[in-house]
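Report on one structure; see the data block that follows.
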Amino acid sequence: MWRSLSIYGRTFLLMLAALVVAEAVGIAFVIYRPPTHDAPVQLSTVVRVLAGRGAGSGGGARGPGGGHPADDGHPPDGGGGPPPGDGAPPGGPGHFPGGPMGPPGAPPDITLATLVSPNQPAPTNTKLAPADTLRTLVASQLGADAARVIFYATASDEHSASTALIGSIMLRDSFLAGVRRPDGTWCYVNRVVEGFPNALERRAMLLFALGAATLMPLAWLFARALSAPIRRFSEAAQRLGMDPNAPALPREGPKEMLVAVDSFNSMQARLNRLIRERTNMVGAIAHDLRTPLTRLAFRIDDLPSALREKVDRDIQEMKTMISAALDFIRDRSLTPQLERLDFRLLVEGVVDNHSDLGHDVTLQAGVPLTLTGNPLALRRMVTNLVENALKYGERARLRLRVVDDRCVLDIDDDGPGIPESLQEQVFEPFFRLESSRNRDTGGIGLGLSTVRAIVLEHGGEVTLGNRKGGGLRVSVMLPVG
Amino acid sequence: MSPPATDMDQQPLILVVDDDPDLRKLITEFLSARGYRVAAAENAAVMLRMIEVERPDLVILDVMMPGEDGLSVARRLASEKGPAVIMLSALGSDTDRIIGLEIGADDYLAKPCNPRELLARVRAVLRRQSAGESARDREGRVYEFAGWKLDVLRRDLRDPGGIFIELSDGEFALLRSFVEHPQRVLSRDRLLEYAHGGNTRDVFDRAIDSQISRLRRKLNDRAHEELIRTVRNEGYMLLPKVTRL
């Protein structure tokens, strides 16, 4: 069912899935969110706390007076000095730097302990520094001796305190404020504003990352499934026209794709039928020429022998052309008989045939080369190339070697070569170079077309190039194995 | 050139089967002028009737005819031990030739053929026939020696591992001479004659030594034993026993 779903359907399902995950993240976020605590704190709230009058309802800073347990553990934490009953707290006694002497026990809050540790007179875990303006303000609000009050804050908060009216002073950042009570215990307010990322943001990011990690493979699978039929489609389009026996595209993929596949298949069928019809027509013409030619051959039997031989040569030439045309057509229509064969021996055989007839053909053969192919077709391919080399270049130099799992057959001649602009065209059926037409070298321009058809059928490729020292080099690459 | 025309009844009777009337007439006239008795038929049905009545020695058969085509007719004639058959075909490729010979035709000629070529083939087939050797004896023309197989129609040589071994035309002709005359010393001249007959002797005369050495190398190297031996001052010999399959 999924396989036949339309692109629309698939997209819709993907979006639905994305939505569900995003919602899940949001829901998880709400359920597990830590309380918000980074709102600015009014200085008056701090003063109220330090005065022991309790936290204001709106303020984020809630700190009990000394000795009072905090109502909850969330920052900003208020804490007292040593609880009644005393006892040396772990971490040793804390001395507020710059504060009055006294043995305040370290508050139970670890952050405070860190902040006010005697070993770290200037707090290092934040950028807190003594804030004298704030201290003076707090002291005056409390009506206490400034010497009994400490205030550490960030420079920006201190600065805003120096310029603003007292009622509107908002502490936006971390601070530590304390007052030493007459009994020697400390009452303090400590507020820690975490930098980015704070606990809330960390949690949210984690959930988003989880969501993304869940969605990513889904999206990948989806994209792959969506693109696979399109990829197959383009591959088939590449093949189109090269291999008339190419199978029809399988009807797979989303609905829109099926429509395209159907159109493509019918187009391929039409094209193949066209090629076949053309092929059949050429074949029929070639074939039908044979009977009148045979008649002609018999009719001239009574002619004087000089004339008869001339006509006979013409007949033979036409016969060669017809055979070339029929061979070319057959190459493309016959199902190939594949054999495992030694390509080196095959090339040797062709070379030997020609050198036996007195032609200048040599082979520089490498190692034995086993490949799978149609021996008749491959032999014709090599023969065509050798004959071309002999026809246009007087001699043929063949070299056989293996490059990267492919066997490469180079055929060099000493002829004029082929202009680069025509090197693709010469592979086209019935295309002949002007020079070859004028030189009456015979043939109808199917030799290289046949070569290329055979090489392509064997999964290889054939290229032309002019050699530096003159002459043409034809390179045939075939897969080994 | 022509056989003695003393007694026409003793001359071989050739039946020309072609759907093209002009060509039928031309071939008939050409062969009659060379002293043969010739009859003609325009399709397979007429041909079969005439074979019944006239009992020709040889049929020159067009492959592509309306009605029953030449190939199936030739197959029928071969299975019925009828007259010898030369196929005259508008299809001229190697494959067509092999198919024609495999179904039992004695020879195969592609159109357009040179009349003299046709005459030579006719003579050769009739000679073989009178020597008691016909296509039917050649059925399964596969020779085996030392595990190697040579199919002479398909020109297909396989080593004992079944690998196709490429032979050049000259090498094939030589090997064919060897398997047809196994375990006998064949002189260079004899090999030339067997392998190439008369026509192109000059060309092959020069090439035969290299052809023999190539053939020996191909066989001996793959077999890891000597299959073709050089007999000093006498010639060459195929050593293993040859069986016809």
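No lab work stands behind these numbers, since they all come straight from the coordinates. From a predicted model like this one, the values you see are computed outputs, not experimental measurements. Neighbour counts are summed over all protein chains in view; Cβ atoms, including those assigned to glycine, are modelled from backbone coordinates with ideal geometry.
With a Förster radius of 60 Å, plug the Cβ-Cβ distance of A:R202 and A:E252 into 1/(1 + (r/R0)^6) and report the FRET value to the nearest 0.05.
It comes out at approximately 0.85.
Want the number for A:E424 to A:L16: 0.36 nm per residue separation, take away the alpha-carbon distance, what's left?
Values: separation 408, 0.36 × 408 = 146.88 nm, distance 5.27 nm.
The A:E424-A:L16 span can extend by a further 141.6 nm.
Rounded to the nearest 500 deg cm²/dmol, what is the calculated helix-only ellipticity per residue at 222 nm for chain B, with -39500 (n - 2.57) per DSSP H run of length n ≥ 4?
Using -39500 (n - 2.57) per qualifying helix, the result is -13500 deg cm²/dmol.
With just the Cα atoms defining each centre, how far is region B:55-74 from region A:130-169? Give it in Å.
124
Which FRET efficiency, nearest 0.05, do B:V231 and B:D151 yield, Cβ-Cβ r, R0 35 Å?
Calculated value: 0.80.
Quote the charge dipole size of region B:8-67 about the Cα centre in Debye, to the nearest 20; the model charges only the Cβ of Lys and Arg (+1) and of Asp and Glu (-1).
Once rounded to the nearest 20, the dipole reads 180 debye.
Let me check against my output: what whole-number percent is the relative contact order of region A:156-233, with C-alpha pairs under 8 Å and at least 6 apart?
Values: 34 pairs, mean separation 12.8, N = 78.
After rounding, I find 16 percent.
Can you give the FRET efficiency for A:M267 and A:V367, using 1/(1 + (r/R0)^6), R0 = 51 Å, r = Cβ-Cβ distance, to the nearest 0.05? Write out the running numbers ahead of the final one.
Details: r = 45 Å, r/R0 = 0.87.
So, using R0 = 51 Å, E works out to roughly 0.70.
Which value in nm describes the separation of the simple spin-label points at B:R123 and A:S475, placed 7 Å from the Cα toward the beta carbon?
Label at B:R123, label at A:S475, 5.3 nm between them.
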